[in-house]
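Q: Have a look at this one.
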Amino acid sequence: MKAQILKTFAGPEAFELSEVPKPVPQAGQVLVRVHATSINPLDYQIRRGDYPDLVPLPAITGHDVSGVVEAVGPGVTSFVPGDEVWYTPQIFDGPGSYAEYHVAAESIIGKKPPSLSHLEAASLTLVGGTGGKHWSCVLRSGWGRASWCTAAREASAMWRSR
């Protein structure tokens, strides 16, 4: 699979498009074909080297996923291939989302709200958890469509239930 590999801490030019092995889901894990990811403050902080002890290089970074389940490992019961999902990969614990595929624990994945495109969903996974209930207030001030308010409520509920 193709992935953007961070080779050194620097600007965006530090990424190199590379071929790496496609991950295989283990027990309790889900393999997701990444349809969209986004860039948030944590991503550029990592890229510029704010957490060198927590991110050994070279690394696949990225902390937002919206995609489709490709395969599930033994014991996974909440998802099947073809499900549209979204989540924030475990921070500082394994490869991130700047790749064609990502493997994550079933417990951190949610079904993507049907009212959102993959691009919209990927822009909400980390910040939606951070912003929580405040998203609906921001969105009602004229920022987006009605479906965004629904998505914000669903994202907030998903994160509160953890």
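The values are calculated or read from the model by the stated rules, or taken from the named source; none is laboratory data. Just so it is clear, the structure is predicted and the values come from calculations on it, not from any experiment. Using ideal geometry, Cβ is built from the backbone for each residue, glycine included, and neighbour counts are taken over all protein chains shown. Quick note on the areas: whole protein, heavy atoms, side chains included, nothing else; ligands and nucleic acids left out. Shrake-Rupley method; radii C 1.70, N 1.55, O 1.52, S 1.80 Å.
Q: How do the peptides 73-86, 96-109 rank, highest first, by the average count of neighbouring beta carbon atoms within 10 Å per residue?
A: 96-109, 73-86
Q: So, R0 is 35 Å and r is the distance between the beta-carbons of residue 77 and residue 54; what FRET efficiency does that work out to, to 0.05?
A: Given R0 = 35 Å and the Cβ-Cβ separation, E is 0.65.
Q: What number in nm² do you get for region 61-122 if you take the convex hull of its Cα atoms and divide its surface by four?
A: 4.1
Q: Separate question: Less than 18 Å from a label point 7 Å out along the Cα-to-Cβ axis of residue 7: which backbone N atoms in region 35-57 qualify, by residue?
A: It comes to 47-49, 56-57, nothing else.
Q: If I compute solvent accessible area with a 1.4 Å probe over the protein chains, what percent of it on region 50-125 is carbon and sulfur?
A: 57
Q: If you put +1 on each Lys and Arg Cβ and -1 on each Asp and Glu Cβ, how big is the dipole of region 2-117 around its Cα centre, in Debye rounded to 20?
A: Using only the charged Cβ atoms, the result is roughly 100 debye.
Q: Still on this model: Going by average Cβ density within 10 Å per residue, which order do the peptides 35-44, 63-72 take, highest to lowest?
A: 63-72, 35-44
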